[in-house]
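> Below you'll find the structure I mean.
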Amino acid sequence: MWRTAFSFIAAALLLAGCGGSGMVPAPDGLLTHAERTDFQETSRHADVMAFMEAVSASPSIHLTTFGETVEGRALPLAVWGAPGASAEAVRSTGKTRVFVFANIHAGEVCGKEAAQMLLRDLSEGRNAAWADSLVLLIAPIYNADGNEHIAYDNRPMQHGPVGGMGQRRNAQGLDLNRDFMKLAAPESRALVQLFRDYDPHVVIDLHTTNGTRHGYHLTYAPPLNPNTPGEMDAELRDHWLPAVSARIAYTDGWATYHYGNVPGAFGEPVTVPRAWYSFDARPRFGTNYAGLRNRFGILSEAYSYVPFEERVLVTKRFVEEVVDYAYQNASRVRALAEHADATSVVGEELSLRATWAPLPEPVEILMGEADSVAHPVTGELMLERVDVLHMEVMPAFVRFTPTETERAPSAYLVPQGLTAVVELLDLHGIDYYAARTTGQPVDVFSIDSVQVDERPFQDRYGQTLFGYYGTLNDADAQNVLVVPVNQPLGRLVFMLLEPRSDDGIVAWAVLPPETYTAHREYPIRRIHGTLPPR
Ligand SMILES: [Zn+2]
């Protein structure tokens, strides 16, 4: 138990009067549940709550909650670097705000343990300099209900914790990392409310990956939607993520790279060229969603077949280096986000749908191997990474390019009766106002056909509209809700309300298909020119 030894040494140094660093050891025995069980088990909700309570004995850490799960569990949030836990206290600092959350998929538990260890470090005075320019917001256990559904057969191939882990879904059976656009789960609504209230500039989402047997301890991704602000995308891809990766390679010898898979890992038929492919550009995923809100979303995916303790440690190192970069570049990070907020996308050609695009040149990808080992309790097969690496040069499809675009209008006109749409605008924090249109030309999307998915996904029968825009020059004056695109959430407005968006209200069946078949017209119109007066 290295932790105990460390505390003892730190205490001894302080007693000897040579602890000039201002380090304060944690209360005796303050270990995470994973540490106490030698990484055989992961923390339960009660363990996390108790641990956070204990670290909050430090005056630098303030605790609050940001919502409740379906089953009524509190969602805990620790605030560090601000005079209190409230959003007002955090925002009043004027500092760069970094939000770290874990366990959205509750079988992917290494982030939950790493987040607690980071909190303990902070409570002991480690990384104290970060408070000069940062506030940290840490939520170790987001899918708290899923976490309590511990079973041996959740993620059975993952290398521990052998005591089992929680389930991917929340208590409604929803994948919270597909819910950022439709916001059907109370957890998602609480998290987006946190985005609105605390407005973190940086959002770090901690996962565990599986799939391809590669040679990376951890893979990462910036926001992947092509509508992500270009300067923020460049900062992450050209500077931030490479710097973090280089630093971890130097200090720990662990390889990290953009998230990806090589198709064919499970013997499935392969129809695409052998290459390294990232996952998905749609903003239903949290870090992609953060990008559409003009914030730095960073996905962390520790490699599933690295033993649990090492996964926790590499995740912790990744977060430390991401945060340290945010500290070193705090005003720049803040300025890029604020600049994106202030820049209108009206008139820009934006992406409705996207596909993978390769980097300009093939890159060296580290492929790896894994051994089969028996689970000590169930005897079932697990995989364990072995230290064999194969460098393979291949195309890396780690960005996305539009396959269909539209020019962003100046506003969308939402009929006041579309309450399900209005509710969604409210939940996302989108600005709109009631007005009467003045007979100016409007774009109307005429519908040729509505395709409804044959099977539900996440409880919804997805829809696709086929049709075309035309301009109506003599539209009747109408009482509508005007949703301006020239607002900080303009990119999100576009993705939610465009009829051909692959992740908007049509895709998620927010309105029934009869809405579209009855009048052969998409009910939300758009205008290009001047907005009706407020
Ligand atoms: Zn995940």
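Condition check ((1) buried (at least 20 other Cβ atoms within 10 Å of the Cβ); (2) farther than 30 Å from GLY291 by Cα) across all residues:
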position	(1), (2)
GLY429	no, no
GLN440	no, yes
VAL450	no, no
GLU454	no, yes
PHE457	no, no
ARG460	no, no
GLY467	no, no
ASN486	no, no
LEU496	yes, no
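> Would you be able to say whether some residue in the stretch 454-475 is basic (Lys, Arg), part of a strand (DSSP E or B) and out of contact with any helix residue (DSSP H, G or I) (no Cβ under 9 Å at 6 or more places or on another chain)?
yes
> Additional query: Kindly list, by first and then second residue, each pair from a residue in the stretch 199-221 that is at pLDDT below 95 to a residue that is more than 13 Å from the ligand (Cβ to nearest atom) and of a type in the set (Val, Ile, Thr), limited to pairs with Cβ atoms under 7 Å and residues at least 6 apart or on different chains.
As it stands, the answer is THR212/VAL262, since those pairs meet every condition given.
> Tally up the residues in the stretch 296-343 that are within 16 Å of the ligand (Cβ to nearest atom), under 17 Å from ASP121 (Cβ atoms) and either open to solvent by 40 Å² or more (accessible area, probe 1.4 Å) or over 17 Å from the mean Cα position of the chain (by Cα) (or both), please.
Result for the stretch 296-343: 2.
> Looking at ALA255, is it farther than 27 Å from SER501 by Cβ, open to solvent by 20 Å² or more (accessible area, probe 1.4 Å) and touching a Leu at 6+ places or on another chain (Cβ under 8 Å)?
Judged against the criteria, ALA255 is a match.
> Which one of SER245, SER300, SER304 is in contact with a strand residue (DSSP E or B) (Cβ under 6 Å, 6 or more places away or on another chain), free of Cβ contacts under 8 Å to residues at least 60 places away in the same chain and not charged (D, E, K, R)?
Answer to the check: SER245.
> For residues in the stretch 102-141 being acidic (Asp, Glu) and under 18 Å from HIS33 (Cα atoms), which is nearest to the ligand (Cβ to nearest atom)?
Selected residue: GLU108.
> Can you tell me how many residues within the stretch 209-234 are charged (D, E, K, R) and either within 16 Å of the ligand (Cβ to nearest atom) or buried (at least 18 other Cβ atoms within 10 Å of the Cβ) (or both)?
Result for the stretch 209-234: 2.
> One residue is enough: does the stretch 94-116 have a residue meeting the conditions of a type in the set (A, V, I, L, M), open to solvent by less than 10 Å² (accessible area, probe 1.4 Å) and more than 20 Å from the chain's Cα centre (by Cα)?
no
Okay, residues lined up against (1) at positive phi; (2) open to solvent by 20 Å² or more (accessible area, probe 1.4 Å); (3) within 16 Å of the ligand (Cβ to nearest atom):
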site: HIS201; (1), (2), (3): no, no, no
site: HIS207; (1), (2), (3): no, no, yes
site: ASN261; (1), (2), (3): no, yes, yes
site: VAL272; (1), (2), (3): no, yes, no
site: ASN294; (1), (2), (3): yes, no, no
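> Determine whether LEU481 is open to solvent by less than 70 Å² (accessible area, probe 1.4 Å), touching a helix residue (DSSP H, G or I) at 6+ places or on another chain (Cβ under 8 Å) and in a strand (DSSP E or B).
When the stated conditions are applied, LEU481 passes them.
> Is it true that ARG237 is more than 16 Å from the ligand (Cβ to nearest atom), surrounded by fewer than 24 Cβ atoms within 10 Å (Cβ to Cβ), under 23 Å from TYR303 (Cβ atoms) and at pLDDT 95 or above?
Against the criterion (more than 16 Å from the ligand (Cβ to nearest atom), surrounded by fewer than 24 Cβ atoms within 10 Å (Cβ to Cβ), under 23 Å from TYR303 (Cβ atoms) and at pLDDT 95 or above), ARG237 qualifies.
> Looking at ASN170, is it within 16 Å of the ligand (Cβ to nearest atom), modelled with pLDDT of 95 or more and not in a loop (DSSP other than H, G, I, E, B)?
Considered against the rule, which asks whether it is within 16 Å of the ligand (Cβ to nearest atom), modelled with pLDDT of 95 or more and not in a loop (DSSP other than H, G, I, E, B), ASN170 comes out as no.
> Just need a number here: residues in the stretch 142-167 that are surrounded by fewer than 21 Cβ atoms within 10 Å (Cβ to Cβ) and either away from the ligand (no atom under 15 Å from the Cβ) or not aliphatic (A, V, I, L, M) (or both).
Count: 10.
> Additional query: For VAL373, only one of the following conditions fails: (1) β-branched (Val, Ile, Thr); (2) touching a helix residue (DSSP H, G or I) at 6+ places or on another chain (Cβ under 7 Å); (3) not in a loop (DSSP other than H, G, I, E, B). What is its number?
VAL373 satisfies all of (1) β-branched (Val, Ile, Thr); (2) touching a helix residue (DSSP H, G or I) at 6+ places or on another chain (Cβ under 7 Å); (3) not in a loop (DSSP other than H, G, I, E, B) except (2).
Residues checked against (1) under 20 Å from PRO242 (Cβ atoms); (2) of a type in the set (Phe, Trp, Tyr); (3) part of a helix (DSSP H, G or I):
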site	(1), (2), (3)
VAL306	no, no, no
LEU313	no, no, yes
VAL319	yes, no, yes
VAL322	yes, no, yes
GLU338	no, no, yes
ASP341	no, no, yes
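> Name every residue in the stretch 351-365 that is farther than 15 Å from PRO223 by Cα, open to solvent by less than 50 Å² (accessible area, probe 1.4 Å) and either in contact with a Cys (Cβ under 6 Å, 6 or more places away or on another chain) or assigned to a strand (DSSP E or B) (or both), in order of residue number.
LEU352, VAL363, ILE365
> Collect the residues in the stretch 63-73 that are crowded, with 16+ Cβ neighbours inside 10 Å and in contact (Cβ under 8 Å) with a residue 40 or more places away in the chain, keeping them in residue-number order.
Within the stretch 63-73, PHE66, GLY67, THR69, VAL70, ARG73 qualify.
> Counting only residues that are assigned to a loop (DSSP other than H, G, I, E, B) and touching a Lys or Arg at 6+ places or on another chain (Cβ under 9 Å), which one in the stretch 391-423 is most open to solvent (accessible area, probe 1.4 Å)?
Within the stretch 391-423, the match that is most open to solvent (accessible area, probe 1.4 Å) is PRO395.
> If you go through the stretch 178-199 one residue at a time, do you hit one that is within 15 Å of the ligand (Cβ to nearest atom), under 13 Å from the mean Cα position of the chain (by Cα) and open to solvent by 10 Å² or more (accessible area, probe 1.4 Å)?
Taking every residue of the stretch 178-199 in turn, at least one turns out to be within 15 Å of the ligand (Cβ to nearest atom), under 13 Å from the mean Cα position of the chain (by Cα) and open to solvent by 10 Å² or more (accessible area, probe 1.4 Å).
> Determine if the stretch 278-286 includes at least one residue that is part of a helix (DSSP H, G or I) and surrounded by 21 or more Cβ atoms within 10 Å (Cβ to Cβ).
Yes, some residue in the stretch 278-286 is part of a helix (DSSP H, G or I) and surrounded by 21 or more Cβ atoms within 10 Å (Cβ to Cβ).
The values are calculated or read from the model by the stated rules, or taken from the named source; none is laboratory data. The structure presented is a predicted model; accordingly, all values stated were derived computationally and were not measured. All Cβ positions, even for glycine, are placed from backbone atoms using ideal geometry, and neighbour counts span all protein chains on display. These area figures cover heavy atoms from the full protein model, side chains too; ligands, DNA and RNA do not enter into them. Shrake-Rupley method; radii C 1.70, N 1.55, O 1.52, S 1.80 Å.
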